[in-house]
Amino acid sequence: TLALCDRAAMAKPSSSSAPPPPAVKKPHSLTGLSSVVSGWSSFVYVVLLAHAAFYAYDIRLFAVRNYGRIIHEFDPWFNFRATQYLEANGAERFFKWFDYMVWYPLGRPVGTTIYPGMQFTAVYIYRAAQALLGPEKAMSLNDVCVFM
């Protein structure tokens, strides 16, 4: 019975508890350092991101600087022709357009075989530039397609 009483006494918390261990204090010189490092890392991140965006755009314009505002290769020419057709004829006729000048001799149903996001974006930019600057000062549709 003595062992049972000792176990019961040990299981019950006593009213006099031991004081909590002392808190460990951080050195005063390092408390503000984490916020400074966090601020600098955000600044460095933004600077590196801006640097990468600038060089990506600079690389994209390499051909324009060296050769002028011309379209190279086959796919961009097709996309330019599709953009011209969309601008001249509208979206409804664009989606029903069957182009006999590509995929010779069969032709191509453009409305069902194209992703038209680039063409629509180019037409919107072209029309917005004409509305803001006037037709005589705005970029040509070719220039809009070259810079896209």
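Computed quantities for the displayed model
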| quantity | calculated |
| --- | --- |
| Ranked by how many other beta carbons lie within 10 Å on average, peptides 72-79, 120-127 from highest | 120-127, 72-79 |
| For the range 35-148, alpha-carbon Rg and Dmax in angstrom | 19.3, 67 |
| Most to least packed among 138-148, 88-98, 45-55 [average Cβ atoms within 10 Å] | 138-148, 88-98, 45-55 |
| Base-10 log of normalised Debye intensity for the range 72-119 (one unit scatterer per alpha-carbon) at q = 0.19, 0.26 Å⁻¹ | -0.56, -1.04 |
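Bear in mind that the values in this text are calculations on the coordinates, not laboratory data. Since we're looking at a predicted model, the values are computed, not measured. Counting neighbours? That spans all protein chains shown, and the Cβs are built from the backbone with ideal geometry, glycine included.
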